[in-house]
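Report on one structure; see the data block that follows.
The values are calculated or read from the model by the stated rules, or taken from the named source; none is laboratory data. The structure displayed is predicted, hence computed values, not measured ones. So basically every Cβ, Gly included, is an ideal-geometry build from the backbone, and we count neighbours across all protein chains shown.
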Amino acid sequence: MENKERGTNRLGLLRRQMGITQAQLAKDLGVSRATIQNWEKGITDITGYSLMMLCDRFNVSPNEVYGTGSPSPYWEQKKELLFIFDSVNEAGKKALVAMARGIESSYQPKNNPLSEKGLMGETA
């Protein structure tokens, strides 16, 4: 619960530092104002695409949204990969995932359970 509390405080702080209301942020992200309230209060977690959108909106890393430490040194590369993935067609997405799985299997320790299931827990 501690991380959630710190993260909720950080989201509200980031929003206020930008001088925007919960309603404005909700509109920008395509969610309800209640969703923003729930994130800030720690009632619901900020995950997946919503977290990426918030990070992009505030130009911060997920660690900074949750207040759990300094930004990842690879944050910019992660955003770039997501941008590339979003910009290609379905065949390109499948090719990128296949390429990532090939790279992943080359760099994972042998006892890592992800090496058998792939990036998303799917059987390769």
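Structure data summary
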quantity: Segment 59-82, subset polar (S, T, N, Q) and either part of a loop (DSSP other than H, G, I, E, B) or at pLDDT 85 or above (or both), residue nearest to Asp28 (Cα to Cα); calculated: Asn59
quantity: Residue check, Asp56 charged (D, E, K, R) and assigned to a loop (DSSP other than H, G, I, E, B); calculated: no
quantity: Candidate set from segment 20-50 (those that are within 12 Å of Arg10 (Cβ to Cβ) and of a type in the set (A, V, I, L, M, F, W, C)); member that is surrounded by the fewest Cβ atoms within 10 Å (Cβ to Cβ); calculated: Ile46
quantity: When residues of segment 5-43 are limited to those that are among the basic types (Lys, Arg) and out of contact with any helix residue (DSSP H, G or I) (no Cβ under 8 Å at 6 or more places or on another chain), the one modelled with the lowest pLDDT; calculated: Arg16
quantity: Complete set of residues in segment 93-110 that are touching a helix residue (DSSP H, G or I) at 6+ places or on another chain (Cβ under 8 Å) and closer than 23 Å to Met53 by Cα; calculated: Lys93, Leu96
quantity: Residue that is modelled with the lowest pLDDT [pool: residues in segment 44-58 that are among the hydroxyl-bearing types (Ser, Thr, Tyr) and farther than 21 Å from Arg16 by Cβ]; calculated: Thr47
